[in-house]
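The structure appears right after this line, and notes come after that.
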Amino acid sequence: SSILQSLELNGVFPNHGCRMGICKKCQCTKKSGIVYNKVSQRFSESYEEKIEICSSIPVGNVEIEL
């Protein structure tokens with residue numbers, strides 16, 4: 001499941017909009033780890049970068065800054 005879905009299942013409700021990775025309302029900074037983006041069908045790098053949590057699936061441990 002996406003990072004957004006996992007957060008919501010654990011009682012955390014961050015900003016979001018379309019849930020499809022288009023509107024960028026859920027964009028945050030990934031501090032470490034790797035995610036798979038369902039929209040671009042690509043894996044992220046392990047360093048800090050902007051991601052959309054609605055379309056990003058964690059691959060192992062991921063640290064984000066909301």
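The values are calculated or read from the model by the stated rules, or taken from the named source; none is laboratory data. In this text the structure is predicted, and so the values were computed from the model without any measurement. Ideal geometry is used to build each Cβ from the backbone, glycine not excepted, and the neighbour counts take in all protein chains shown. Only protein heavy atoms, including side chains, enter the accessible area calculation; ligands, DNA and RNA are left aside. Shrake-Rupley method; radii C 1.70, N 1.55, O 1.52, S 1.80 Å.
Annotations for the structure displayed:
- Cross-link partners for LYS50 among the aspartates and glutamates, with Cα-Cα distance under 17 Å and sequence neighbours closer than 8 places in the same chain left out: GLU63, GLU65.
- Hull volume per residue, based on the alpha-carbon atoms of segment 11-64 and their convex hull, is 74 Å³.
- For segment 1-40, Kirkwood radius (reciprocal of mean inverse C-alpha pair distance, Å): 11.1 Å
- Stretch gain in nm, segment GLU65-GLU48, where the contour uses 0.36 nm per residue and the Cα spacing is subtracted: 5.1 nm
- Per-residue ellipticity at 222 nm from helix content only, as computed over the chain with -39500 (n - 2.57) for each DSSP H run of at least four residues, stands at -2500 deg cm²/dmol.
- Rounded to the nearest 20 debye, dipole of the chain from Cβ charges on Lys, Arg, Asp, Glu: 240 debye
- Per-peptide packing, taken as the mean over residues of other Cβ atoms within 10 Å, places 3-12, 30-39 in the sequence 30-39, 3-12 from highest down.
- Residue-normalised accessible area of the chain, expressed per residue, 1.4 Å probe, Å²: 65 Å²
- Cα→Cβ-extended label distance, 7 Å offset, between LYS38 and CYS18, nm: 1.4 nm
- Carbon and sulfur %, accessible surface of the chain computed with the full protein complex present, 1.4 Å: 49 percent
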